[in-house]
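First the structure, in the form of C-alpha cells, and then the observations on it.
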Amino acid sequence: MKWIKVKVDYFSDDLEETKIKLVNMFDEIGIKQIEVIDYFSENELDYNVNFSSKNDVWSIIGYIVDNRFANTKLNIIFNNLKEFQNADTEFMYEIYTAKCNDEDWQDEWKKYFHTINITDNIVIKPSWDKYEPSGNEIVIEIDPGLAFGTGTHETTSLCVEFLEKYAENREKVLDIGCGSGILMLIGKKLGVKKVVGIDIDEKVRDVVLENFSKNDINNDFEVIIGNLVDDVNEKYDLVVSNILVDVLEKLLEDIEKILEKGATVIFSGILNEKEEAFVKKAGNYNLRQIDRKEKNNWVSFVFKYEN
Ligand SMILES: C[S@@+](CC[C@H](N)C(=O)[O-])C[C@H]1O[C@@H](n2cnc3c(N)ncnc32)[C@H](O)[C@@H]1O
C-alpha cells in the first residue's frame, strides 16, 4: 500500500463547485483512501476514510473547503500511481513527498522524479540524479519539498519556456506564487539581476532558501510572504505568475500598481476553456496579449502592459 501526499493548491470562491470538483477529481484518479493533514499544524485530522464511500469523501472535502484550508495536504492511497499522474483535472497538484508502510517505497517513489529537459537548454534535476550538462545548458537542482514547483507540471514548464524567451538579462523579475522558487532560480540563471518571489504559504520561504543554496545562488533574491501584490511597493518590467485562473483574475485587479510602463507579464495556470474570458479581462487592465502557448489544455500567455 502506498501513501502519496498531495497538496491541493487552490479553492475557488464557489465552495459548492469546489467540493464537487474535488470529489470528482478523486473519483477520476482512482483514489482508494484519503487522510487529511491540517496544513497549519501538520496534525492529522480525524479523517481517514475509504473512497468506496463517496459520502465519506464528501464530508472530508466539505470540511476542508468550509474551513478554507487553502494548501491543505492530503495523504492519498492509490491503486496505481500512473492513474494519478495522468489525471486530467482542473486542480494543480504535485506529489511532493511520499510515505508508506512498505519500506522499499522510500526509494521507489524517486523513480517518478527524473531529470527533465524543459527546453533545449534548461534542465531540472533532483539531487539524487547524476547529470553531465552539455554545452551551455542551464541545470537547476530542485528537490520536491513542501512547495509546488518541480518543473514537471505543464503550467510551470510553459513559464520556463517564456522566461527563456523574455527574461534574459532583465534588471529584476517578480514571481507571484513562487512555490519552490523554480522560476526565480531560472530567472537568475538566465541573467536576471534580482528576483523577488511572493507566496501566501509561509513554508515556501525555507524551501526557496534551500533551493537557492543548492544551486549556489546567495544574493540578489528575496522572498515575500503575502497575498498577491498586497505587500509589493516597487514596480517591475517582468512579472511571472503561475496560479489558477480565479486567483490570476483577482491579481489582474491590482497588477497595474506594480508594472512599469511597457512591462511584460507571463501568466500560466489557465485552462483553455477559460482563456477567452481571461484575455478579455486582462484587456480591461491595459494588458495586450503578445504570445501564447498550450500544453495538455493548460494555456500560458505573455501580455504587454500598454499604459
Ligand atoms: C501552481 S504553484 C506555482 C509554483 C511555481 N511558481 C511554479 O511555477 O511551479 C502556485 C503557488 O501560488 C501560491 N499562491 C496561491 N494563492 C496565492 C496568493 N493569493 N498569493 C500569493 N501566492 C499564492 C501557492 O502557495 C503556490 O505556491
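Here residue 152 fulfils each of the conditions (1) within 11 Å of the ligand (Cβ to nearest atom); (2) at pLDDT below 95; (3) within 28 Å of residue 258 (Cα to Cα) apart from (3).
From the list 235, 293, the one residue that fits, being of a type in the set (Lys, Arg), within 24 Å of residue 150 (Cβ to Cβ), surrounded by 15 or more Cβ atoms within 10 Å (Cβ to Cβ) and at pLDDT 95 or above, is 293. Looking for something in contact (Cβ under 8 Å) with a residue 24 or more places away in the chain, surrounded by fewer than 21 Cβ atoms within 10 Å (Cβ to Cβ) and within 12 Å of the chain's Cα centre (by Cα) - is there at least one such residue anywhere in region 201-208? Within region 201-208, one or more residues are in contact (Cβ under 8 Å) with a residue 24 or more places away in the chain, surrounded by fewer than 21 Cβ atoms within 10 Å (Cβ to Cβ) and within 12 Å of the chain's Cα centre (by Cα). Taking the stated definitions as given, is residue 168 part of a helix (DSSP H, G or I), acidic (Asp, Glu) and more than 10 Å from the ligand (Cβ to nearest atom)? Taking the combined requirement at face value, the residue does not satisfy it. For residue 141, the requirement of being under 18 Å from residue 195 (Cα atoms), in contact with a strand residue (DSSP E or B) (Cβ under 8 Å, 6 or more places away or on another chain), outside the structural domain of residue 198 (by the TED database) and at pLDDT 90 or above is met.
Here residue 195 meets the list (1) within 13 Å of the ligand (Cβ to nearest atom); (2) modelled with pLDDT of 90 or more; (3) out of contact with any Asp or Glu (no Cβ under 7 Å at 6 or more places or on another chain) almost entirely, failing just condition (3).
The values are calculated or read from the model by the stated rules, or taken from the named source; none is laboratory data. Keep in mind it's a predicted model, so treat the numbers as computed, not measured. Backbone-built Cβ (ideal geometry, glycine too); neighbour counts: all protein chains shown.
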